[in-house]
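Contents: one structure, followed by commentary.
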Amino acid sequence: MTAEAEGRRWALTGGHAVTPAGIVREATIGLDGGRIASVGRAAPGPGAEVVDIGGLMVLPGFIDLHIHGAGGADAHAGRSRRWPRSCRAAA
């Protein structure tokens, strides 16, 4: 969590949330302090900064691990000794 996110609350509205239970259409995704607090059809909570995401698909909690390298190391170079540098940079 970043210092900027700490203590802030957002509500992403108007998008479609993909969850293990299915797709929640016109969902409200509540974020509190940089963490997912809720996903559903409820109205945004009091004090939340509302962001209309206009029909976008959202995968709350999904982390994309697909990378091509980091920290000056290229995953396609085939040099395994550089992987620790890449991992440290991505962490």
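The values are calculated or read from the model by the stated rules, or taken from the named source; none is laboratory data. Keep in mind the model is a prediction, meaning the values are calculated, not measured. Cβ sites come from the backbone with ideal geometry, for glycine too, and all protein chains shown count toward neighbours.
For the range 16-52, filtering for residues that are out of contact with any Lys or Arg (no Cβ under 8 Å at 6 or more places or on another chain), farther than 22 Å from residue 6 by Cα, surrounded by 13 or more Cβ atoms within 10 Å (Cβ to Cβ) and aliphatic (A, V, I, L, M) leaves 2. Once the range 54-70 is narrowed to residues that are in a loop (DSSP other than H, G, I, E, B) and at pLDDT below 75, the residue that is nearest to residue 21 (Cα to Cα) is 64.
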